[in-house]
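Only the coordinates and a few stated rules stand behind these numbers; no lab work does. Nothing here was measured: the structure is a model prediction, and the numbers come from that model. So basically every Cβ, Gly included, is an ideal-geometry build from the backbone, and we count neighbours across all protein chains shown.
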Ligand SMILES: Nc1nc2c(c(=O)[nH]1)N[C@H]1C(S)=C(S)[C@@H](COP(=O)(O)O)O[C@H]1N2
Ligand SMILES: [Mo]
């Protein structure tokens, strides 16, 4: 498979992983505000930032577009395997959305371009039994989401941000963007999507983080 040839740089940031596990145990940044008034833009416990922080496990895959492939399978009628050219020849969608990271920063008005989840779902046709999916990334990262969350009309497999190709740090060539969930659900360096009948935890979900991760409900931790 292509990923076997992808050079990986860096090493797992053990300190960061320990710290985030500690936050989950302590319930850091939880406000317990409860129902948020309609029309409010900043979720509870978040603060605004203008720059775009880089957050990952520390392993950064050096992927050229010719190394990159995306496999979509599991509980679907029509599995697919896209090269970069096949991915780029799909209908393209542009959207603007906000980022909310569980470490409490939010960034407004990010413009994304890529292939919509709606388009992908039309092609692969999930079986009626499929209720969850798992993203797998080239750095070994995984994260799970309910199919209903992926099927939202603002979900993208993005290759560009603010009109430029995603940098390697931010998950290029292709990352997931799910604006209505905390940003750890938006897998960088996307390699595979597996549809599942039953839920299964990803990297942070196994380490104390919430299964669904809705910022408006402060679903930070399990
Ligand atoms: N493949 C991969 N995707 C990932 C991560 C990671 O470590 N590996 N970290 C997640 C977390 S915790 C966050 S907050 C966002 C950060 O994305 P950014 O670095 O572009 O801000 O990516 C998410 N997606
Ligand atoms: Mo994060």
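Listed by Cβ neighbour count within 10 Å, with the fewest neighbours leading, 167, 65 appear as 167, 65.
Packing-based ranking of 175-184, 9-18 yields 175-184, 9-18, ordered from highest to lowest mean Cβ neighbour count within 10 Å. Can you tell me the orientation of helix 14-26 relative to the chain, as the angle in degrees between its alpha-carbon axis and the longest Cα principal axis, to the nearest 10? The answer is roughly 50 degrees. Extending 7 Å from the Cα toward the beta-carbon at both residue 123 and residue 19 defines two label points whose distance is 3.8 nm.
Our estimate of slack between residue 64 and residue 197, defined as 0.36 nm per intervening residue step minus the Cα-Cα distance, is 44.6 nm.
In this simple spin-label approximation, residue 207 and residue 9 carry label points 7 Å from Cα along the Cα→Cβ vector, and these lie 2.2 nm apart. Annotation: the residues 56, 169, 214, sorted from fewest to most other C-beta atoms within 10 Å of their own C-beta, follow the order 169, 214, 56. Put in line by how crowded their Cβ is, counting other Cβ atoms within 10 Å and starting with the fewest, 84, 189, 204 read 84, 204, 189. For a modelled paramagnetic label at residue 52, 7 Å from Cα along Cα-to-Cβ, the residues of segment 107-147 in reach, with backbone nitrogen under 15 Å, are 107-115.
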